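For reference, the structure discussed in these notes is given below.
Readers should treat all values here as calculations from the given coordinates under stated rules, not as data from a laboratory. For clarity, every value in this text was computed on a predicted model and none was experimentally measured. Don't worry about glycine lacking a Cβ; one is built from the backbone with ideal geometry, like all the others, and counts go over all protein chains shown.
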Amino acid sequence: MAIHLDHTIVPAHDKEKSAKFMAYIMGLEYKGLFGHFAPVKVDEYLSLDFDNRENFWSNHYAFLVTDEDFDAILGRVQGEGLKYGSSPFAQDDMEINHRHGGRGFYFRDENGHSWEFITHTYVKEEMIGDIGRLRRPVDKSASSL
Ligand SMILES: [Fe+2]
């Protein structure tokens, strides 16, 4: 069994502007509207479906990237003159972190969403063990659904 996040809606004040901007920052391609969504395909699985909303909570989106992509993404954030930071509580200290044996940073877009890029996952070995356990065949007799 393999479960992947296929798509998620990213609420925005201007969906196409936001989709183009994040596609640029992430080094991806924005290919235009699909229905009423402005999707940005991140990889073979995930699509960020930007959509207009009047009111919404700011969300947090975190991406695991290579060192090369990290440098490129951080470079584009810096090139745009955006504030960035080293922790969820310091998203504008203009520093990166070195947690979990990698590098990471955060920045907020004009919608207020917090975008995070890391080169090493937060997932710890014991959590990976849990994931392995969860991947065992499901005992359907135990299901109450
Ligand atoms: Fe995070």
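Show me the ranking of peptides 71-79, 107-115 by mean Cβ neighbours inside 10 Å, starting with the highest.
Answer by packing, highest mean first, reads 107-115, 71-79.
Of all DSSP beta bridges located in region 1-54, what percent are antiparallel, nearest 5?
Beta bridges within region 1-54, antiparallel portion: roughly 50 percent.
State, in angstrom, two size descriptors of region 1-54 derived from its alpha carbons: Rg to one decimal place and Dmax to the nearest whole number.
11.0, 38
Are there any GluC sites (Glu not before Pro) in region 1-52 that are in a DSSP loop and have at most 14 other Cβ atoms within 10 Å? List them by number.
Working: sites: Glu16, Glu29, Glu44; in loops: Glu29, Glu44.
In loop regions of region 1-52 (DSSP not H, G, I, E or B), the sparsely surrounded GluC sites (Glu not before Pro) are Glu29, Glu44.
Can you pull out the chymotrypsin sites (Phe, Trp or Tyr not before Pro) in region 1-46 that DSSP calls coil and that have at most 14 other Cβ atoms within 10 Å?
Tyr45
Taking K and R as +1 and D and E as -1, what net charge do the other residues with C-beta under 12 Å from the C-beta of His13 add up to?
Charge balance in the 12 Å sphere: -3.
Above 13 Å lies some portion of the pair distances; for region 56-101, what is it as a whole percent of all C-alpha pairs?
66
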